[in-house]
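Quick one: the structure is below, questions incoming.
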Amino acid sequence: MAVERIYLDWNATAPLMGAARDAMLEALAMPGNPSSVHAEGRAARAVIEKARRDVAHLVGAEPAHVTFTASATEAANQVLSPVYRMGKSRVALGRLFVSAIEHPAVRAGGRFAADQVTEVPVTRSGVLDLDALSAQLAAHDPADGLPLVAVMLVNNETGIIQPIQEIATIVKKCGGLLVVDAVQAAGRIPLSIAELGADFLILSAHKLGGPKGVGALVSRGETLMPEPLVRGGGQEKGHRAGTENLAAIAGFGAAAREMTAGLVERTAHVSALRDRAEQAMLSVAPDTVIYGRGEARVGNTSFFHLPGLKAETGQIAFDLEGVALSAGAACSSGKVGASHVLTAMGEDAATGALRLSIGPDTTESDIDRFLGAFAKIAARRKPAGQAA
Ligand code: PLP
């Protein structure tokens, strides 16, 4: 008999919401190109502009400041540019500073050459080392071009929330620009680009119940914008050319709208389930290490290590029990690499950690199923020091 599956890997991707699916199906039936001036074109344009308002509202931004892209990765490649434009003038950015725990989409450095990128360390608690950032920025000569700093708001592995406002103060003091990857934060914590003090936010639809393959670059203003990455027909005010993916953008807007409404209740539901899971894990296996437990974290994520169990083995064992969770970050090859996040935190990354990540549709009985599997797997593991 097939085992009923439980999906607890929302940080890898969230299931498509009903509202997003409905909006996508409606958009798929629309014949017009959003750039056409006839009625069909205008109807398609209206769908995009509605989605733009909904995505802007999710992050407290102006709709005019939302540029749709094909993914958060594309938005990162667009914004991490050594060349910006202020009207017709060219502005050179001299160096990119990225935190050591960024997602590979940002860590890869966008269009900066490798020798123009500086990594900013985190402390053992997984929070950006603010003194190190201040010292690195102080050592940067602004005559070489403005500094660009990229720090994520919520880490995809640990769920730890970074002190973006404090980081923004440091960055502004040095005349720099701040890019915040808000992919794992949007829809999970209240967001306002102005309150954060960020110049740019990066978003992805598929982490909040929208479709895969659509993201956004959100800017605080419009004066200083990165050189476009995709040039062509001038769509998205010239910031991202190419006929818009109407259905995906419609789905993104619908998901953003749903996630903005009822955020507080949803967060309370998700945090209560995650906290119950963690307490039960610690009572079944008191040696379980839960990373970032004492830090500010989003309520849906638990990143844990069971001594004597390799994360890769653990992931397979959970999968066989019908529970989908992840061993650190999913990489495109499907292989589990050592977590650069754990390494950056000074932890032993060799045996890795497992990530439980849940969402608003997760139920008490899903958590019970997870805990049942956890108890079995914890009982089978090798004594500490003999991870298998
Ligand atoms: N940033 C973070 C923190 C992520 O978790 C992800 C996805 O895993 C991305 C960026 C990339 O998003 P996308 O899949 O839209 O390129």
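Among all residue pairs at least 6 apart or on different chains, which show Cβ distances below 6 Å where the first residue, located in segment 25-48, is farther than 14 Å from Gly233 by Cβ and without any contact (Cβ under 8 Å) to a residue 24 or more places away in the chain and the second is of a type in the set (Asp, Glu) and in a helix (DSSP H, G or I)?
Listed by first residue and then by second, the contacts come to Pro31/Glu40; Gly32/Glu40.
Take the conditions closer than 27 Å to Ile290 by Cα and either among the hydroxyl-bearing types (Ser, Thr, Tyr) or surrounded by 17 or more Cβ atoms within 10 Å (Cβ to Cβ) (or both) and apply them to Thr118. Does it pass?
Spelling it out, it is not the case that Thr118 is closer than 27 Å to Ile290 by Cα and either among the hydroxyl-bearing types (Ser, Thr, Tyr) or surrounded by 17 or more Cβ atoms within 10 Å (Cβ to Cβ) (or both).
I'm told Gly299 meets every condition in (1) touching a Lys or Arg at 6+ places or on another chain (Cβ under 6 Å); (2) at positive phi; (3) at pLDDT 90 or above except one. Can you identify the failing condition by its number?
Single failed check for Gly299: (2).
So how many residues does segment 59-97 have that are within 16 Å of the ligand (Cβ to nearest atom) and aromatic (Phe, Trp, Tyr)?
Qualifying residue count, segment 59-97: 1.
So which residues in segment 136-145 are among the acidic types (Asp, Glu) and either part of a helix (DSSP H, G or I) or without any contact (Cβ under 8 Å) to a residue 12 or more places away in the chain (or both), if there are any at all?
Scanning segment 136-145 gives a single hit, Asp144.
Right, something else. Could you identify the single residue in Gly41, Gly60 that is surrounded by fewer than 17 Cβ atoms within 10 Å (Cβ to Cβ), at pLDDT 95 or above and on the phi > 0 side of the Ramachandran plot?
Every option except Gly60 fails the conditions.
Being small (Gly, Ala, Ser) and within 16 Å of the ligand (Cβ to nearest atom) narrows it down to one of Ala100, Ala56, so name that one.
Ala100
Which pairs have Cβ atoms under 6 Å, sit 6 or more apart or on different chains, and link a residue in segment 70-91 that is closer than 19 Å to Val180 by Cβ to one that is part of a loop (DSSP other than H, G, I, E, B) and among the aliphatic types (A, V, I, L, M)?
Ala72/Val183; Asn77/Leu229; Gln78/Leu229
Now for a different question. All but one of (1) within 16 Å of the ligand (Cβ to nearest atom); (2) under 17 Å from Pro211 (Cα atoms); (3) buried (at least 22 other Cβ atoms within 10 Å of the Cβ) hold for Ala23, so report the exception by its number.
Result: Ala23 passes all but (1).
The values are calculated or read from the model by the stated rules, or taken from the named source; none is laboratory data. For clarity, every value in this text was computed on a predicted model and none was experimentally measured. When we count neighbours, we look across all protein chains shown, and the Cβ atoms used for this are built from the backbone with ideal geometry, even at glycine.
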